[in-house]
Each structure stands twice: as C-alpha cells, then as structure tokens.
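Notes follow the structure.
The values are calculated or read from the model by the stated rules, or taken from the named source; none is laboratory data. As the structure is a computational prediction, the values presented were derived from the model and not from experiment. Virtual Cβ from ideal backbone geometry, glycine too; neighbours counted across all protein chains shown.
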Amino acid sequence: MTKSVPAVERAFAMLEALDYAKSGMNIADLSRKLAIPRSTAHTIALTLERCGYLTRDASQRNCMLSTKAYMLGRDAVRPDRMAVAALRPMRRFSTQTLLTSHLAILDQTQAVYIQKVQGPGLVSMETYPGKRTNLHCTGVGKVLLGYASEGFRTKVLSRGVFARYTRNTITMTSLLREELRRVAEQGYALDNQEEELDIRCLAVPMFSVRNEFLAALSVSGTTQQIRDNLIPALVARLHHTARIIAERLQSGVDDAE
C-alpha cells in the first residue's frame with residue numbers, strides 16, 4: 001500500500017478541528033488536540049493561512065476557517081434528489097413551528113447535513129448543507145447511528161470514550177449504547193444540550209416507501225423553544241414531514257426553489 005503524507009494528514013486534521021470550533025482555536029489548543037508539536041502546528045497553520053484557507057480573529061490569536069475553505073466543497077454538496085424533495089416540506093415545518101429543521105445522512109463516521117431550513121425566529125443555527133457533525137452528541141447523529149447496521153454501530157462504539165462538549169455530553173460507550181436503545185424504542189432522538197448549551201434537538205428516522213432507512217430529520221431550537229411538554233407534538237410533526245419527503249422522493253418531485 002502506498003504511504004500517505006503525514007503533513008497532508010495533519011493539515012486536513014487541522015481543518016476538520018477548526019470546522020467544529022465555533023470561535024476558532026489557538027496554536028496551543030490545536031497542538032494538544034491533534035497531538036503534534038506546537039512548532040509543527042504553527043507551520044501548518046501558517047501554510048494554510050498563506051494559501052487562504054485559514055484566517056485569524058481580531059486578537060490574531062485564534063485560527064478560523066476562511067470563506068475560501070467553506071466554499072471549497074460547495075459543488076460536491078449540491079442538493080441531491082433527497083434534499084430537493086425535502087425542501088418544501090421542511091419549509092412548511094419550520095414556518096409552522098418557528099424552528100430550524102435539518103436533514104442529514106451518514107458519511108463514514110459522521111453525520112452530514114444535506115438540507116437546512118432556518119426558522120424565522122431570532123436564534124440562528126450555525127449549520128449549513130455540507131457541514132459534518134458528530135454522531136454521539138447530536139439528534140441526527142444518534143438516529144443515524146441507532147438505525148445503522150449492527151457492524152457499523154459496533155465499530156463506532158468500540159472507540160470507548162467520546163469527546164465532551166458540554167456537561168450533558170454522553171462520553172461513555174455503555175451510556176451511549178443505552179441511549180441508542182431508547183432511540184430505537186421511542187422512535188426519536190433527543191440532543192439535550194449535549195453539543196451546545198441551551199440548544200435542544202429532536203430527530204427522527206426517515207424511511208423510503210419500501211421501509212428502507214434513508215436519513216435523519218431534525219428540529220433545533222433553544223431549551224425554551226423545545227420544552228418537555230412540546231416534544232410529543234414536535235416528534236409527531238417530524239414523522240409526518242419525513243413521510244411526505246419520502247413520498248415526494250418516490251414520485252420524483254423536482255421543484256427546488
């Protein structure tokens with residue numbers, strides 16, 4: 001097997017790490033997270049910055065992805081048939097609930113958003129089609145992991161410990177396995193401030209008309225917007241919207257707006 005280039009692997013690892021960091025990361029943090037020498041992290045960051053893929057915040061301390069980096073894969077994430085079929089039902093859902101909706105699929109060991117409709121409220125979700133996110137601490141991720149093949153689920157759970165983002169993040173395999181069991185039993189997943197404090201996310205599986213698992217459909221909002229007493233109604237709306245999307249996909253609807 002042809003050897004890979006360590007410097008290239010580290011550069012892409014740095015880009016992926018910064019994609020998750022909402023406020024950017026400094027060189028010391030990147031060095032610790034990626035387990036590489038600080039001088040190496042500095043050199044890679046400087047190279048990426050000179051190529052236009054990184055920028056600095058106002059303090060010049062934190063590195064962040066540039067617009068060029070975000071635009072790099074825009075053609076690769078053009079809405080596919082599923083995203084197109086989902087757009088109108090998701091717009092209707094978000095208009096009725098005043099909340100943001102997402103459609104995500106599984107890609108390797110992460111979830112990838114393929115469609116998003118921002119709710120009309122004041123709270124804006126920092127997501128976009130093509131953005132990758134974790135499986136263990138998001139609503140869509142738990143659904144995608146919970147309804148994936150047993151072999152894939154075993155592979156992911158074999159990691160042992162998962163990254164912590166808030167005090168609510170599930171980091172232990174045993175607890176995540178129990179969480180996935182609940183997802184299967186109740187037919188939906190809840191991200192209860194596990195990726196970001198004060199934000200909740202509900203997600204349901206979307207099946208084809210032949211009952212094949214396709215994707216995860218979710219709704220996101222603040223803890224005040226998604227209160228416990230509202231969960232049953234929101235889950236029912238999500239399931240209804242998922243069925244409509246599947247029917248539109250089956251009938252070949254192509255009405256991107």
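Assorted remarks:
- Residue within segment 185-206 that is within 24 Å of Met125 (Cα to Cα) and touching an Asp or Glu at 6+ places or on another chain (Cβ under 6 Å) present: yes
- Residue count for segment 1-31, restricted to those that are assigned to a helix (DSSP H, G or I) and either closer than 22 Å to Thr109 by Cα or touching a Leu at 6+ places or on another chain (Cβ under 6 Å) (or both): 15
- Pairing each residue of segment 32-61 that is part of a loop (DSSP other than H, G, I, E, B) with any residue that is surrounded by 12 or more Cβ atoms within 10 Å (Cβ to Cβ) and of a type in the set (D, E, K, R), provided the two are 6+ apart or on different chains, yields C-beta distances under 7 Å for Ile36/Arg10; Gly52/Lys68; Tyr53/Lys68.
- Pick from segment 85-131, criterion small (Gly, Ala, Ser) and not in a loop (DSSP other than H, G, I, E, B), ranking: surrounded by the fewest Cβ atoms within 10 Å (Cβ to Cβ): Ser94
- Against the numbered list (1) at pLDDT 90 or above; (2) under 24 Å from the mean Cα position of the chain (by Cα), Glu16 comes up short only at (1).
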